[in-house]
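Worksheet: the structure to be examined is printed underneath.
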Amino acid sequence: MWGYADGHCDTIVKLLEEKKRLFRNDEQLDIEKMQTYAAPVQVFAIWLDPKYYSSAMRQTMKYIKFYYSEIEGNSEFIGHVNSFADILQNRREKKISALLALEGGEALEGEISALHIYHRLGVRLITLTWNHRNQLADGVAETGGRGGLTNFGRQVIREMERLGMIVDVSHLSETGFWDVAEIAVKPFIASHSNAKTICDVPRNLSDEQLRAIAQNGGVVGINLYAPFLAADREADIEDILRHIYHIISIVGEDGIAMGSDLDGTDHLPIGISNVLDVKRIFERVEKEFGIRVAQKFASENLLRVINQVL
Ligand SMILES: [Zn+2]
């Protein structure tokens, strides 16, 4: 059985919008399918559709409430994680570990006390921006802005590191990225981003960015959204391997992880339709790099960062 630790999925948002449940559903990730892995760890992100930006905190509360009702309703199979010790406890009880994340600092509504309250509500990772500009920084789609971190964004990062929350730079503008690299003291991650050298789209990372993440002890999570794997054709598992091969060549075998983006897209590579198929990627990595690298990629590298930061 493969270990499994994944830095990003949009399942909570998808399920509430579609009125479906976490134990079993016909989307891309559920408890039943995750039980085919050993001691799985999943980061559940709360992504806000821009239509909710005017009521960002209120909408975030709805998702957080739904997250806890699904976790607590399935408490014999899955447990929320506030600390690394909780992951070890869940492992002993043969439960899935769930981490709660915010995708986009909009949810803070520019208020640092909101960060403290989200921490108390169990949020342990924040993707600083989505694609647009927010109170923390510019997202990657603000191509005319050249904006990096705001003063508030810097304050948020300092407080996140102090509280024990993982800083996530996926979706962040390049200027913002280098601001984070400069001020981060703890490892930061790109939870769901691939290599620009292999697929040149704005959401992927340059080799210099990959190196900076690894130098801080962070990880890059492989994103399964097909257009971020191959821009000119339908991506398949070999395209995923191409990114993994390149990222490992730049950051080494300790800097890569999974960041599936499951339930964030219907456009997955040929051969991947849900979380069950992720083990096919692990098997290909094992064939290419051996079992140790495959285990690090499948779970150990992301767990190391969680252990260091939380
Ligand atoms: Zn995303």
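Would you check if residue 234 is of a type in the set (D, E, K, R) and under 27 Å from residue 30 (Cα atoms)? When the stated conditions are applied, residue 234 passes them. Is it the case that residue 125 is open to solvent by less than 50 Å² (accessible area, probe 1.4 Å), in a strand (DSSP E or B) and either within 16 Å of the ligand (Cβ to nearest atom) or under 22 Å from residue 100 (Cβ atoms) (or both)? Here the answer is yes, as residue 125 does meet what is asked. Taking the stated definitions as given, is residue 232 surrounded by fewer than 16 Cβ atoms within 10 Å (Cβ to Cβ), within 16 Å of the ligand (Cβ to nearest atom), farther than 16 Å from residue 298 by Cβ and at pLDDT below 95? Here the answer is no, as residue 232 does not meet what is asked. Given the criteria within 16 Å of the ligand (Cβ to nearest atom), farther than 23 Å from residue 288 by Cα and either open to solvent by 10 Å² or more (accessible area, probe 1.4 Å) or in contact with a helix residue (DSSP H, G or I) (Cβ under 6 Å, 6 or more places away or on another chain) (or both), does residue 167 qualify? Judged against the criteria, residue 167 is a match. Of all residues in the range 87-105, those being over 18 Å from the mean Cα position of the chain (by Cα) and crowded, with 18+ Cβ neighbours inside 10 Å number 2.
All conditions but one from (1) within 15 Å of the ligand (Cβ to nearest atom); (2) in a loop (DSSP other than H, G, I, E, B) apply to residue 144; the one that does not is (1). When residue 264 is tested against (1) open to solvent by less than 20 Å² (accessible area, probe 1.4 Å); (2) within 16 Å of the ligand (Cβ to nearest atom); (3) within 30 Å of residue 161 (Cβ to Cβ), only condition (1) is not met. With respect to being within 16 Å of the ligand (Cβ to nearest atom), open to solvent by less than 30 Å² (accessible area, probe 1.4 Å) and either on the phi < 0 side of the Ramachandran plot or assigned to a helix (DSSP H, G or I) (or both), residue 201 fits the description. Filtering the range 243-280 to residues that are within 25 Å of residue 13 (Cβ to Cβ), of a type in the set (Val, Ile, Thr) and part of a helix (DSSP H, G or I) leaves 275, 278.
Of the numbered criteria (1) closer than 30 Å to residue 86 by Cα; (2) among the small types (Gly, Ala, Ser); (3) within 16 Å of the ligand (Cβ to nearest atom), the one residue 226 fails is (1). Of all residues in the range 29-58, those that are over 14 Å from residue 6 (Cβ atoms) and open to solvent by less than 10 Å² (accessible area, probe 1.4 Å) have Cβ atoms under 9 Å from Cβ atoms of residues that are within 15 Å of the ligand (Cβ to nearest atom) and of a type in the set (Phe, Trp, Tyr), 6 or more apart or on another chain, in 46/63; 48/63; 48/130. Of everything in the range 82-99 that's basic (Lys, Arg) and not in a helix (DSSP H, G or I), which residue is farthest from the ligand (Cβ to nearest atom)? This residue is 94. Go through the range 1-46 and give me each residue that's part of a loop (DSSP other than H, G, I, E, B), under 16 Å from residue 281 (Cα atoms) and away from the ligand (no atom under 16 Å from the Cβ). Answer for the range 1-46, where residues must be part of a loop (DSSP other than H, G, I, E, B), under 16 Å from residue 281 (Cα atoms) and away from the ligand (no atom under 16 Å from the Cβ): 1, 2, 36, 37.
Restricting to the range 286-307, what's the tally of residues that are in contact with a strand residue (DSSP E or B) (Cβ under 9 Å, 6 or more places away or on another chain) and of a type outside the set (D, E, K, R)? Number satisfying all stated conditions: 10. Of all residue pairs spaced 6 or more apart or on separate chains, those with beta-carbon atoms under 9 Å, a first member in the range 229-247 that is within 16 Å of residue 283 (Cβ to Cβ) and a second member that is among the acidic types (Asp, Glu) are 237/277; 241/288; 244/288; 245/288. State whether one or more residues within the range 100-114 are acidic (Asp, Glu) and within 16 Å of the ligand (Cβ to nearest atom). Checked the range 100-114: at least one residue is acidic (Asp, Glu) and within 16 Å of the ligand (Cβ to nearest atom). Checking each residue in the range 128-141 for being of a type in the set (S, T, N, Q) and within 12 Å of the ligand (Cβ to nearest atom) picks out 129, 131.
The values are calculated or read from the model by the stated rules, or taken from the named source; none is laboratory data. If you're wondering where the values come from, they're calculated on a predicted model, not measured in any experiment. Note that each Cβ is placed from the backbone with ideal geometry, even for glycine, and that neighbours are counted across all protein chains shown. Please note that ligands, DNA and RNA were not included when accessible areas were found on the heavy atoms of the full protein model with its side chains. Shrake-Rupley method; radii C 1.70, N 1.55, O 1.52, S 1.80 Å.
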